[in-house]
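Here's the structure we're looking at; comments come further down.
The values are calculated or read from the model by the stated rules, or taken from the named source; none is laboratory data. The shown structure was predicted, so the numbers you read here are calculated from the model rather than taken from an experiment. Positions of Cβ are generated from backbone atoms using ideal geometry, with glycine treated the same way; all protein chains shown enter the neighbour counts. To get the accessible areas, we keep the full protein, side chains included, count just its heavy atoms, and leave off ligands, DNA and RNA. Shrake-Rupley method; radii C 1.70, N 1.55, O 1.52, S 1.80 Å.
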Amino acid sequence: MIVMKFGGTSVGSAEVIDKATDLIIQEKDRKVVVVSAMGGVTDRLVSMAKKVVDLPNALVEEECNRFHRDFLEFHRSAAEAVIRDGRVLGEVIARIAELSEELRVTLLGLGYLGDLSLKPLDYILSFGERLSVLIVAGALESKGVKAKALTGYEAGIITDSNFGCARPVYSKMKDSVKAALLPLLKAGVLPVVTGFVAADKNARITTMGRGGSDYSASLIGRFLGVDEVQIWTDVDGILSTDPKIVSSVQLIPKLSYIEAVDLAYFGAKVIHSKMIEPAMEADIPVRIKNTFNPKADGTLIVREQERIERIIKAVAIAKNIDIVNVRGMGMSETPNIAGRLFSLLGENNINIPMISGSSESNLSFVLKRGDVSRAVELLNESFVGNGVRSIEVLEDVCIITVVGVGMTGTKGIAARIFQTVADNDVNIIMIAQGSSEVNVSFVVNAEDGNKAVRALHKRFIEDEIRSG
Ligand code: ASP
Ligand code: MG
(Lines give C-alpha, C1' and ligand atoms only; values in the text may rest on other atoms or scores of the structure.)
(Ligands and ions follow the chains in the order given, each with its own letter.)
Protein backbone atom coordinates (compact mmCIF):
# COMPACT_ATOMS: atom_id res chain seq x y z
CA MET A 1 0.00 0.00 0.00
CA ILE A 2 1.26 3.53 -0.72
CA VAL A 3 0.40 7.18 -0.10
CA MET A 4 0.37 9.49 -3.13
CA LYS A 5 0.49 13.18 -2.29
CA PHE A 6 -0.14 15.83 -4.93
CA GLY A 7 1.05 19.39 -4.28
CA GLY A 8 -0.60 22.66 -5.26
CA THR A 9 0.76 22.83 -8.80
CA SER A 10 -0.08 19.15 -9.31
CA VAL A 11 -3.75 20.03 -8.77
CA GLY A 12 -3.42 23.61 -10.01
CA SER A 13 -5.83 23.45 -12.94
CA ALA A 14 -8.39 21.12 -14.47
CA GLU A 15 -5.84 19.98 -17.01
CA VAL A 16 -3.32 18.97 -14.36
CA ILE A 17 -5.97 17.35 -12.15
CA ASP A 18 -6.81 15.25 -15.17
CA LYS A 19 -3.15 14.18 -15.41
CA ALA A 20 -2.85 13.56 -11.68
CA THR A 21 -5.95 11.38 -11.58
CA ASP A 22 -4.62 9.34 -14.51
CA LEU A 23 -1.41 8.77 -12.54
CA ILE A 24 -3.46 7.70 -9.54
CA ILE A 25 -5.44 5.25 -11.65
CA GLN A 26 -2.32 3.82 -13.31
CA GLU A 27 -0.88 2.98 -9.90
CA LYS A 28 -1.97 -0.59 -9.29
CA ASP A 29 -1.05 -0.76 -5.61
CA ARG A 30 -3.66 0.05 -2.96
CA LYS A 31 -3.32 3.68 -2.03
CA VAL A 32 -4.44 6.73 -0.12
CA VAL A 33 -4.31 10.08 -1.92
CA VAL A 34 -3.41 13.32 -0.13
CA VAL A 35 -3.80 16.67 -1.88
CA SER A 36 -2.89 20.31 -1.34
CA ALA A 37 -5.11 23.24 -2.14
CA MET A 38 -5.11 24.21 -5.82
CA GLY A 39 -1.96 26.24 -6.53
CA GLY A 40 -2.08 29.77 -5.14
CA VAL A 41 -5.33 29.28 -3.22
CA THR A 42 -3.79 29.19 0.28
CA ASP A 43 -1.87 32.39 -0.45
CA ARG A 44 -5.05 34.05 -1.66
CA LEU A 45 -6.88 33.01 1.51
CA VAL A 46 -4.08 34.38 3.68
CA SER A 47 -4.08 37.75 1.94
CA MET A 48 -7.86 38.00 1.96
CA ALA A 49 -7.99 37.25 5.70
CA LYS A 50 -5.38 39.91 6.38
CA LYS A 51 -7.11 42.40 4.14
CA VAL A 52 -10.60 41.97 5.51
CA VAL A 53 -9.64 42.51 9.16
CA ASP A 54 -8.25 45.92 8.26
CA LEU A 55 -11.20 47.07 6.18
CA PRO A 56 -13.68 49.62 7.50
CA ASN A 57 -16.93 47.80 8.33
CA ALA A 58 -18.79 49.57 5.55
CA LEU A 59 -16.60 47.84 2.96
CA VAL A 60 -16.42 44.38 4.48
CA GLU A 61 -19.49 42.82 2.94
CA GLU A 62 -18.78 43.93 -0.60
CA GLU A 63 -15.20 42.69 -0.38
CA CYS A 64 -16.28 39.31 1.01
CA ASN A 65 -18.89 38.92 -1.69
CA ARG A 66 -16.37 39.69 -4.38
CA PHE A 67 -13.88 37.20 -2.95
CA HIS A 68 -16.60 34.58 -2.61
CA ARG A 69 -17.63 35.03 -6.25
CA ASP A 70 -14.07 34.51 -7.51
CA PHE A 71 -13.36 31.63 -5.17
CA LEU A 72 -16.55 29.81 -6.07
CA GLU A 73 -16.08 30.40 -9.77
CA PHE A 74 -12.44 29.27 -9.73
CA HIS A 75 -13.30 25.93 -8.12
CA ARG A 76 -16.56 25.43 -9.97
CA SER A 77 -14.97 25.87 -13.35
CA ALA A 78 -12.19 23.43 -12.45
CA ALA A 79 -14.81 20.91 -11.33
CA GLU A 80 -16.84 21.38 -14.51
CA ALA A 81 -13.82 20.86 -16.70
CA VAL A 82 -12.63 17.73 -15.00
CA ILE A 83 -15.73 15.88 -13.80
CA ARG A 84 -17.50 14.43 -16.78
CA ASP A 85 -20.18 12.46 -14.99
CA GLY A 86 -23.25 14.68 -14.58
CA ARG A 87 -24.50 13.19 -11.31
CA VAL A 88 -21.06 13.40 -9.65
CA LEU A 89 -20.56 16.93 -10.98
CA GLY A 90 -23.90 18.04 -9.56
CA GLU A 91 -23.03 16.73 -6.11
CA VAL A 92 -19.54 18.24 -6.14
CA ILE A 93 -20.78 21.64 -7.28
CA ALA A 94 -23.45 21.69 -4.60
CA ARG A 95 -20.83 20.96 -1.96
CA ILE A 96 -18.42 23.56 -3.40
CA ALA A 97 -21.21 26.12 -3.20
CA GLU A 98 -21.98 25.21 0.42
CA LEU A 99 -18.37 25.44 1.51
CA SER A 100 -17.78 28.69 -0.38
CA GLU A 101 -20.78 30.19 1.37
CA GLU A 102 -19.41 29.01 4.71
CA LEU A 103 -16.14 30.71 3.82
CA ARG A 104 -17.94 33.94 2.86
CA VAL A 105 -19.75 34.06 6.19
CA THR A 106 -16.59 33.28 8.13
CA LEU A 107 -14.72 36.07 6.35
CA LEU A 108 -17.59 38.42 7.01
CA GLY A 109 -17.44 37.67 10.74
CA LEU A 110 -13.70 38.12 10.70
CA GLY A 111 -13.99 41.45 8.91
CA TYR A 112 -16.45 42.86 11.43
CA LEU A 113 -14.48 41.55 14.41
CA GLY A 114 -11.26 42.86 12.95
CA ASP A 115 -9.19 40.35 14.88
CA LEU A 116 -7.09 37.86 13.02
CA SER A 117 -5.86 35.26 15.45
CA LEU A 118 -4.49 31.91 14.45
CA LYS A 119 -7.59 29.88 15.20
CA PRO A 120 -9.92 31.62 12.75
CA LEU A 121 -7.08 31.87 10.27
CA ASP A 122 -6.68 28.07 10.28
CA TYR A 123 -10.40 27.76 9.73
CA ILE A 124 -10.20 30.03 6.72
CA LEU A 125 -7.11 28.38 5.26
CA SER A 126 -8.75 24.97 5.50
CA PHE A 127 -11.15 25.82 2.67
CA GLY A 128 -8.39 25.50 0.06
CA GLU A 129 -7.85 21.81 0.73
CA ARG A 130 -11.48 21.11 1.64
CA LEU A 131 -12.43 22.17 -1.87
CA SER A 132 -9.53 20.61 -3.76
CA VAL A 133 -10.25 17.13 -2.35
CA LEU A 134 -13.84 17.36 -3.58
CA ILE A 135 -12.68 18.09 -7.11
CA VAL A 136 -10.00 15.39 -7.16
CA ALA A 137 -12.34 12.77 -5.67
CA GLY A 138 -15.04 13.82 -8.13
CA ALA A 139 -12.66 13.53 -11.05
CA LEU A 140 -11.67 10.03 -9.93
CA GLU A 141 -15.33 9.03 -9.52
CA SER A 142 -16.14 10.24 -13.00
CA LYS A 143 -13.32 8.02 -14.28
CA GLY A 144 -14.95 5.02 -12.64
CA VAL A 145 -12.99 4.90 -9.37
CA LYS A 146 -14.87 4.74 -6.09
CA ALA A 147 -13.38 7.66 -4.16
CA LYS A 148 -14.23 9.61 -1.04
CA ALA A 149 -13.07 13.10 -0.04
CA LEU A 150 -12.03 13.38 3.61
CA THR A 151 -10.53 16.05 5.83
CA GLY A 152 -7.29 15.16 7.62
CA TYR A 153 -9.32 14.82 10.80
CA GLU A 154 -11.78 12.47 9.18
CA ALA A 155 -8.76 10.45 8.05
CA GLY A 156 -7.60 10.20 11.66
CA ILE A 157 -5.06 13.02 11.91
CA ILE A 158 -5.55 14.52 15.36
CA THR A 159 -3.36 17.42 16.43
CA ASP A 160 -2.75 19.55 19.48
CA SER A 161 -4.39 22.98 19.60
CA ASN A 162 -1.34 24.84 18.46
CA PHE A 163 -3.17 26.68 15.68
CA GLY A 164 -1.12 27.72 12.68
CA CYS A 165 1.47 25.04 13.29
CA ALA A 166 -0.35 22.14 14.90
CA ARG A 167 1.50 19.00 15.87
CA PRO A 168 0.15 15.47 15.57
CA VAL A 169 -0.87 13.65 18.74
CA TYR A 170 0.71 10.26 18.20
CA SER A 171 -0.99 8.57 21.13
CA LYS A 172 -4.38 9.18 19.56
CA MET A 173 -3.31 8.49 15.99
CA LYS A 174 -2.09 4.98 16.74
CA ASP A 175 -5.65 3.83 16.22
CA SER A 176 -7.47 6.71 14.58
CA VAL A 177 -5.82 6.61 11.15
CA LYS A 178 -6.36 2.88 10.70
CA ALA A 179 -9.87 3.09 12.09
CA ALA A 180 -10.74 5.82 9.62
CA LEU A 181 -9.08 4.50 6.50
CA LEU A 182 -8.94 0.70 6.61
CA PRO A 183 -12.71 0.16 6.35
CA LEU A 184 -12.80 2.39 3.26
CA LEU A 185 -9.84 0.63 1.68
CA LYS A 186 -11.39 -2.76 2.40
CA ALA A 187 -14.57 -1.64 0.72
CA GLY A 188 -12.55 -0.67 -2.36
CA VAL A 189 -12.98 3.07 -1.80
CA LEU A 190 -10.03 5.35 -2.48
CA PRO A 191 -9.63 7.98 0.27
CA VAL A 192 -8.70 11.48 -0.97
CA VAL A 193 -7.51 13.39 2.07
CA THR A 194 -6.85 17.09 2.67
CA GLY A 195 -3.18 17.72 3.31
CA PHE A 196 -2.24 20.47 5.77
CA VAL A 197 -5.68 20.49 7.41
CA ALA A 198 -6.52 18.42 10.49
CA ALA A 199 -8.28 19.13 13.80
CA ASP A 200 -7.62 18.97 17.52
CA LYS A 201 -9.29 16.57 19.92
CA ASN A 202 -12.31 18.86 20.13
CA ALA A 203 -12.67 18.72 16.35
CA ARG A 204 -11.61 22.34 15.91
CA ILE A 205 -9.87 22.78 12.59
CA THR A 206 -6.09 23.16 12.72
CA THR A 207 -3.40 23.48 10.06
CA MET A 208 0.07 22.02 10.31
CA GLY A 209 2.17 24.91 8.98
CA ARG A 210 2.62 26.18 5.43
CA GLY A 211 3.67 23.42 3.10
CA GLY A 212 2.29 20.93 5.61
CA SER A 213 0.56 18.61 3.13
CA ASP A 214 3.75 16.58 2.86
CA TYR A 215 3.61 16.11 6.60
CA SER A 216 0.01 14.90 6.42
CA ALA A 217 1.04 12.37 3.80
CA SER A 218 3.90 10.93 5.82
CA LEU A 219 1.81 10.82 8.99
CA ILE A 220 -0.89 8.84 7.23
CA GLY A 221 1.81 6.61 5.76
CA ARG A 222 3.34 6.00 9.15
CA PHE A 223 0.13 5.15 10.95
CA LEU A 224 -1.16 2.95 8.16
CA GLY A 225 2.23 1.29 7.74
CA VAL A 226 2.48 1.80 3.98
CA ASP A 227 5.34 0.65 1.73
CA GLU A 228 6.11 4.06 0.23
CA VAL A 229 5.09 7.71 0.46
CA GLN A 230 5.15 9.45 -2.91
CA ILE A 231 5.37 13.23 -3.18
CA TRP A 232 4.14 14.31 -6.63
CA THR A 233 5.38 17.79 -7.44
CA ASP A 234 6.47 20.02 -10.32
CA VAL A 235 10.17 19.18 -10.46
CA ASP A 236 11.96 15.89 -11.15
CA GLY A 237 13.20 15.55 -7.59
CA ILE A 238 15.64 17.09 -5.16
CA LEU A 239 18.35 18.95 -7.04
CA SER A 240 21.97 19.58 -6.16
CA THR A 241 21.14 23.24 -5.66
CA ASP A 242 18.59 25.89 -6.59
CA PRO A 243 18.26 25.94 -10.42
CA LYS A 244 17.49 29.64 -10.24
CA ILE A 245 21.05 30.19 -9.03
CA VAL A 246 22.99 27.53 -10.94
CA SER A 247 22.15 26.34 -14.43
CA SER A 248 23.97 22.99 -14.37
CA VAL A 249 22.16 21.40 -11.45
CA GLN A 250 22.07 17.65 -10.94
CA LEU A 251 19.10 15.55 -9.94
CA ILE A 252 19.95 13.61 -6.78
CA PRO A 253 18.69 10.05 -7.32
CA LYS A 254 19.01 8.89 -3.73
CA LEU A 255 19.34 10.50 -0.34
CA SER A 256 19.21 9.36 3.26
CA TYR A 257 16.57 10.69 5.62
CA ILE A 258 19.07 12.81 7.50
CA GLU A 259 20.47 14.41 4.38
CA ALA A 260 16.96 15.14 3.15
CA VAL A 261 15.96 16.75 6.45
CA ASP A 262 18.98 19.02 6.40
CA LEU A 263 18.40 19.99 2.80
CA ALA A 264 14.71 20.64 3.28
CA TYR A 265 15.30 22.53 6.48
CA PHE A 266 18.01 24.70 5.00
CA GLY A 267 16.38 25.76 1.80
CA ALA A 268 15.46 22.99 -0.65
CA LYS A 269 11.77 23.64 -1.12
CA VAL A 270 10.71 20.38 -2.72
CA ILE A 271 9.58 18.75 0.52
CA HIS A 272 8.69 19.95 3.98
CA SER A 273 11.44 19.04 6.45
CA LYS A 274 8.93 17.86 9.03
CA MET A 275 7.65 15.12 6.77
CA ILE A 276 10.83 13.05 7.08
CA GLU A 277 10.48 12.16 10.73
CA PRO A 278 7.32 10.02 10.52
CA ALA A 279 8.70 8.23 7.46
CA MET A 280 11.98 7.62 9.25
CA GLU A 281 10.26 6.31 12.37
CA ALA A 282 8.53 3.62 10.36
CA ASP A 283 11.32 3.14 7.83
CA ILE A 284 9.08 4.10 4.92
CA PRO A 285 10.84 5.20 1.71
CA VAL A 286 9.80 8.61 0.39
CA ARG A 287 9.81 9.02 -3.37
CA ILE A 288 9.64 12.40 -5.08
CA LYS A 289 8.06 12.35 -8.52
CA ASN A 290 7.20 14.93 -11.16
CA THR A 291 3.53 15.06 -12.16
CA PHE A 292 4.57 16.86 -15.34
CA ASN A 293 7.29 14.33 -16.19
CA PRO A 294 6.25 11.05 -14.57
CA LYS A 295 8.83 9.00 -16.47
CA ALA A 296 11.68 10.65 -14.58
CA ASP A 297 12.97 8.43 -11.78
CA GLY A 298 12.76 11.15 -9.17
CA THR A 299 14.54 11.14 -5.83
CA LEU A 300 14.27 8.26 -3.40
CA ILE A 301 14.78 9.00 0.28
CA VAL A 302 15.67 6.04 2.48
CA ARG A 303 17.36 5.12 5.75
CA GLU A 304 20.57 3.86 4.21
CA GLN A 305 23.35 6.43 4.17
CA GLU A 306 25.15 6.20 0.90
CA ARG A 307 28.53 7.83 0.75
CA ILE A 308 29.38 8.87 -2.79
CA GLU A 309 32.87 9.37 -4.13
CA ARG A 310 32.72 13.17 -4.17
CA ILE A 311 30.97 13.20 -0.76
CA ILE A 312 29.01 16.40 -1.38
CA LYS A 313 25.57 15.92 -2.86
CA ALA A 314 24.00 19.34 -2.56
CA VAL A 315 24.39 22.97 -1.59
CA ALA A 316 21.34 24.67 -0.12
CA ILE A 317 20.66 28.29 0.68
CA ALA A 318 18.14 29.68 3.14
CA LYS A 319 17.33 33.34 2.64
CA ASN A 320 15.48 35.92 4.69
CA ILE A 321 17.47 35.22 7.81
CA ASP A 322 18.74 37.57 10.52
CA ILE A 323 21.35 37.06 13.23
CA VAL A 324 20.46 37.80 16.83
CA ASN A 325 23.29 38.63 19.23
CA VAL A 326 22.54 38.51 22.93
CA ARG A 327 25.16 40.27 24.98
CA GLY A 328 25.83 40.72 28.67
CA MET A 329 28.85 40.33 30.89
CA GLY A 330 26.85 38.48 33.48
CA MET A 331 25.68 35.74 31.16
CA SER A 332 28.18 33.15 32.24
CA GLU A 333 27.23 33.68 35.88
CA THR A 334 23.52 33.40 35.23
CA PRO A 335 22.61 29.73 35.49
CA ASN A 336 21.31 28.10 32.34
CA ILE A 337 20.60 31.35 30.56
CA ALA A 338 20.99 29.81 27.10
CA GLY A 339 18.67 26.96 28.01
CA ARG A 340 15.99 29.26 29.36
CA LEU A 341 16.32 31.61 26.43
CA PHE A 342 15.93 28.87 23.85
CA SER A 343 13.03 27.32 25.78
CA LEU A 344 11.22 30.64 25.80
CA LEU A 345 11.55 30.92 22.04
CA GLY A 346 10.56 27.28 21.59
CA GLU A 347 7.44 27.69 23.71
CA ASN A 348 6.48 30.56 21.43
CA ASN A 349 6.94 28.44 18.34
CA ILE A 350 10.02 30.25 17.20
CA ASN A 351 12.46 27.87 15.59
CA ILE A 352 16.16 28.48 15.84
CA PRO A 353 17.65 27.21 12.59
CA MET A 354 21.22 27.64 13.70
CA ILE A 355 23.17 28.42 16.84
CA SER A 356 26.71 29.64 16.80
CA GLY A 357 29.13 29.89 19.68
CA SER A 358 28.29 31.27 23.03
CA SER A 359 30.98 32.86 25.07
CA GLU A 360 31.00 34.39 28.48
CA SER A 361 29.42 37.53 27.25
CA ASN A 362 27.74 36.66 24.00
CA LEU A 363 25.26 34.24 22.49
CA SER A 364 24.48 34.28 18.75
CA PHE A 365 21.89 32.47 16.73
CA VAL A 366 19.91 32.98 13.56
CA LEU A 367 16.18 33.30 13.09
CA LYS A 368 13.88 33.48 10.13
CA ARG A 369 13.13 37.13 9.42
CA GLY A 370 9.44 36.72 10.21
CA ASP A 371 10.25 35.56 13.75
CA VAL A 372 12.76 38.23 14.67
CA SER A 373 10.63 41.06 16.01
CA ARG A 374 8.57 38.75 18.20
CA ALA A 375 11.69 37.01 19.49
CA VAL A 376 13.37 40.30 20.33
CA GLU A 377 10.26 41.44 22.15
CA LEU A 378 10.11 38.24 24.20
CA LEU A 379 13.81 38.35 25.03
CA ASN A 380 13.64 42.01 25.99
CA GLU A 381 10.79 41.31 28.38
CA SER A 382 12.37 38.36 30.11
CA PHE A 383 16.12 38.75 29.91
CA VAL A 384 17.29 42.30 29.44
CA GLY A 385 18.44 43.48 32.84
CA ASN A 386 18.45 39.88 33.97
CA GLY A 387 21.93 38.88 32.96
CA VAL A 388 21.55 40.30 29.47
CA ARG A 389 22.62 43.80 28.57
CA SER A 390 21.49 44.12 25.00
CA ILE A 391 20.00 42.32 22.08
CA GLU A 392 21.26 43.21 18.64
CA VAL A 393 19.95 42.15 15.30
CA LEU A 394 22.18 41.82 12.27
CA GLU A 395 19.88 41.91 9.29
CA ASP A 396 19.99 40.40 5.86
CA VAL A 397 22.11 37.30 5.96
CA CYS A 398 21.62 33.82 4.56
CA ILE A 399 22.57 30.32 5.63
CA ILE A 400 24.52 28.14 3.27
CA THR A 401 24.47 24.43 3.90
CA VAL A 402 26.62 21.83 2.20
CA VAL A 403 25.23 18.31 2.52
CA GLY A 404 26.62 14.83 2.03
CA VAL A 405 27.16 11.63 3.99
CA GLY A 406 30.78 11.30 5.04
CA MET A 407 31.50 15.00 5.55
CA THR A 408 32.56 14.71 9.14
CA GLY A 409 34.76 11.70 8.51
CA THR A 410 36.61 13.23 5.58
CA LYS A 411 39.74 15.10 6.46
CA GLY A 412 40.02 18.61 5.12
CA ILE A 413 36.58 18.92 3.62
CA ALA A 414 35.43 21.75 5.88
CA ALA A 415 38.70 23.56 5.22
CA ARG A 416 38.20 23.22 1.47
CA ILE A 417 34.63 24.50 1.75
CA PHE A 418 35.69 27.59 3.67
CA GLN A 419 38.69 28.14 1.39
CA THR A 420 36.44 28.05 -1.67
CA VAL A 421 34.18 30.66 -0.12
CA ALA A 422 37.12 32.87 0.82
CA ASP A 423 38.70 32.54 -2.63
CA ASN A 424 35.52 34.05 -3.98
CA ASP A 425 35.81 37.06 -1.76
CA VAL A 426 32.91 36.11 0.45
CA ASN A 427 33.18 36.71 4.15
CA ILE A 428 31.84 34.06 6.54
CA ILE A 429 30.01 35.75 9.38
CA MET A 430 29.15 32.76 11.48
CA ILE A 431 29.68 29.00 11.48
CA ALA A 432 27.18 26.60 12.98
CA GLN A 433 28.31 25.03 16.16
CA GLY A 434 28.25 21.26 15.82
CA SER A 435 26.74 20.97 12.37
CA SER A 436 25.08 17.61 11.87
CA GLU A 437 27.01 14.55 10.69
CA VAL A 438 25.98 15.23 7.14
CA ASN A 439 26.15 19.00 6.83
CA VAL A 440 28.35 22.03 7.24
CA SER A 441 26.40 25.27 7.63
CA PHE A 442 27.53 28.84 7.79
CA VAL A 443 26.18 32.35 7.41
CA VAL A 444 27.18 34.99 4.86
CA ASN A 445 25.73 38.34 3.90
CA ALA A 446 22.60 38.01 1.80
CA GLU A 447 24.24 39.80 -1.12
CA ASP A 448 27.04 37.18 -1.20
CA GLY A 449 24.76 34.16 -0.97
CA ASN A 450 24.28 33.28 -4.61
CA LYS A 451 27.96 33.80 -5.36
CA ALA A 452 28.99 31.41 -2.59
CA VAL A 453 26.48 28.80 -3.76
CA ARG A 454 27.76 28.99 -7.34
CA ALA A 455 31.38 28.67 -6.22
CA LEU A 456 30.70 25.69 -3.96
CA HIS A 457 28.51 23.93 -6.50
CA LYS A 458 31.13 24.36 -9.17
CA ARG A 459 34.04 23.23 -7.02
CA PHE A 460 32.44 20.28 -5.24
CA ILE A 461 29.85 19.05 -7.73
CA GLU A 462 30.43 20.23 -11.31
CA ASP A 463 34.25 19.99 -11.25
CA GLU A 464 34.18 16.68 -9.38
CA ILE A 465 31.77 15.17 -11.88
CA ARG A 466 33.90 16.38 -14.77
CA SER A 467 37.14 15.01 -13.32
CA GLY A 468 35.67 11.80 -11.93
N1 ASP B 1 -1.85 24.53 0.87
C2 ASP B 1 -0.90 24.64 1.95
C3 ASP B 1 0.12 25.71 1.62
O4 ASP B 1 0.09 26.31 0.56
C5 ASP B 1 -0.26 23.34 2.28
C6 ASP B 1 0.57 22.70 1.19
O7 ASP B 1 0.42 23.03 0.02
O8 ASP B 1 1.37 21.83 1.53
O9 ASP B 1 0.97 25.98 2.42
MG1 MG C 1 4.85 21.77 -0.79
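Could you give the length gained by full extension between N336 and R69, i.e. 0.36 nm per residue of separation minus their alpha carbon distance, to one decimal place?
Details: separation 267, 0.36 × 267 = 96.12 nm, distance 5.53 nm.
Stretched out fully, the N336 to R69 stretch lengthens by 90.6 nm.
Would you check the accessible area of S373, probe 1.4 Å, heavy atoms only, in square angstrom rounded to 10?
90
Rolling a 1.4 angstrom probe over the protein heavy atoms, how many square angstrom per residue are accessible across the range 198-347? Before the final figure, lay out the partial values.
Values: 6070 Å² over 150 residues.
Ligands and nucleic acids excluded, the figure is 40 Å² per residue.
Nothing charged except the Cβ atoms of Lys and Arg (+1) and of Asp and Glu (-1): what's the magnitude of the dipole of the range 171-231 about its Cα centre? Round to the nearest 20 debye.
Numbers: 8 positive and 5 negative charges, 55 e Å.
Dipole of the range 171-231, to the nearest 20 debye: 260 debye.
Do you know the relative contact order of the chain, to the nearest whole percent, from alpha carbon pairs under 8 angstrom that are 6+ apart?
RCO, the chain: 13 percent.
Work out the length of the dipole vector of the range 118-258 about its Cα centre, built from +1 on the beta-carbon of each Lys and Arg and -1 on the beta-carbon of each Asp and Glu, and round it to the nearest 20 debye.
In total the dipole reaches around 400 debye.
At most 12 other Cβ atoms within 10 Å and a DSSP loop assignment: could you name the trypsin sites (Lys or Arg not before Pro) in the range 245-307 that fit? Please list the in-between numbers first.
On the way: sites: K254, K269, K274, R287, K289, K295, R303, R307; in loops: K269, K295, R303, R307.
Filter output for the range 245-307: K295, R303.
Let me check I have the definition right: for the range 334-458, take the eigenvalues of the Cα gyration tensor, multiply each by 5, take square roots. What are those semi-axes in whole Å, largest first? Intermediate results must be reported in sequence, preceding the final value.
Working: eigenvalues 176, 52, 33 Å².
So the equivalent ellipsoid measures 30, 16, 13 Å along its semi-axes.
Below 8 Å, C-alpha to C-alpha, sequence gap of six or more: please give me the relative contact order for the range 188-285 in percent. Before the final figure, lay out each step's value.
On the way: 116 pairs, mean separation 28.4, N = 98.
29 percent.
With a 1.4 Å probe and all protein chains kept in place, how much accessible area does K458 have, in Å² rounded to the nearest 10?
Accessible surface of K458 is approximately 100 Å².
May I ask for the distance between the Cα centers of the range 176-208 and the range 211-239, given as a whole number of Å?
Centre-to-centre (Cα) distance: 15 Å.
Which residues does the label zone of L344 cover in the range 359-391, counting backbone N under 14 Å from a point 7 Å along Cα→Cβ?
In the range 359-391, the label zone of L344 (backbone N under 14 Å from the point 7 Å along Cα→Cβ) covers 363, 373-391.
Which order do the peptides 4-12, 437-445 take when ranked by the mean count of other beta-carbon atoms within 10 Å per residue, highest first?
Values: 4-12: 25.6, 437-445: 21.6.
Per-residue Cβ counts within 10 Å, averaged per peptide and sorted highest first, yield 4-12, 437-445.
Once you keep just the Cα pairs under 8 angstrom separated by 6 or more residues, what percentage relative contact order results for the range 63-153? Each step should come with its number before you reach the end.
On the way: 67 pairs, mean separation 32.9, N = 91.
Relative contact order for the range 63-153 comes out at 36 percent.
Shape call for the range 97-230 from the C-alpha gyration tensor, a ≥ b ≥ c root eigenvalues: rounded (a/c under 1.5), prolate (a/b greater than b/c) or oblate?
Values: a/c = 2.34, a/b = 1.35, b/c = 1.74.
In terms of gyration-tensor shape, oblate.
Any idea what the dipole of the range 220-356 comes to, in debye rounded to 20, about its Cα centre with Lys/Arg Cβ at +1 and Asp/Glu Cβ at -1? Let's see the in-between values first.
On the way: 15 positive and 17 negative charges, 61 e Å.
My answer is approximately 300 debye.
Could you compute the FRET efficiency for E377 and K51, with r as their C-beta to C-beta distance and R0 at 41 Å, rounded to 0.05?
Working: r = 25 Å, r/R0 = 0.61.
Computed FRET efficiency for E377 and K51: 0.95.
Suppose the chain between N427 and A187 were pulled fully straight at 0.36 nm per residue; how much longer would it get relative to their current alpha carbon spacing? Please list the in-between numbers first.
Numbers: separation 240, 0.36 × 240 = 86.40 nm, distance 6.13 nm.
The span from N427 to A187 would gain 80.3 nm if fully extended.
Per the Kirkwood definition applied to all pairs of different Cα atoms, how many angstroms is the hydrodynamic radius of the chain?
After inverting the pairwise mean of 1/r, the radius is 23.8 Å.
Hey, if you put +1 on the Cβ of every Lys and Arg and -1 on every Asp and Glu Cβ in the range 307-352, which of N336, I308, N351 ends up farthest toward the positive end of that dipole?
Farthest towards the positive pole: I308.
Report the accessible area of I429, computed with a 1.4 Å probe over the heavy atoms of all protein chains in place, in Å² rounded to the nearest 10.
Its accessible surface works out to 60 Å², give or take rounding.
Any idea which of A375, T401, S361 is furthest toward the positive side of the dipole for the range 353-447, if Lys and Arg beta-carbons carry +1 and Asp and Glu beta-carbons -1?
Most positive-ward Cα: T401.
Which percent of the accessible heavy-atom area of the range 166-313 goes to carbon and sulfur, probe 1.4 angstrom?
That fraction is 51 percent.
Average the reciprocal distances over every distinct pair of alpha-carbons in the range 301-404, invert the result, and give the Kirkwood radius in Å. Intermediate results must be reported in sequence, preceding the final value.
Values: mean 1/r = 0.0657 Å⁻¹.
Hydrodynamic radius (Kirkwood, Cα only) of the range 301-404 equals 15.2 Å.
Using alpha carbons only, how many angstrom separate the centre of the range 75-140 from the centre of the range 311-366?
41
For the range 352-401, which trypsin sites (Lys or Arg not before Pro) are both in a DSSP coil and crowded by at most 16 other Cβ atoms within 10 Å? Can you show the working numbers first?
Working: sites: K368, R369, R374, R389; in loops: R389.
Sparse-neighbourhood loop trypsin sites (Lys or Arg not before Pro): R389.
So for the chain, taking the charge dipole from beta-carbon charges (+1 Lys/Arg, -1 Asp/Glu), which of G225, S161, I465 sits furthest toward the positive end?
Farthest along the dipole direction, towards plus: G225.
Is the shape of the range 417-468 rounded, prolate or oblate, going by the alpha carbon gyration tensor and its root eigenvalues a ≥ b ≥ c, with a/c under 1.5 for rounded and a/b larger than b/c for prolate?
Note, shape of the range 417-468 comes out oblate.
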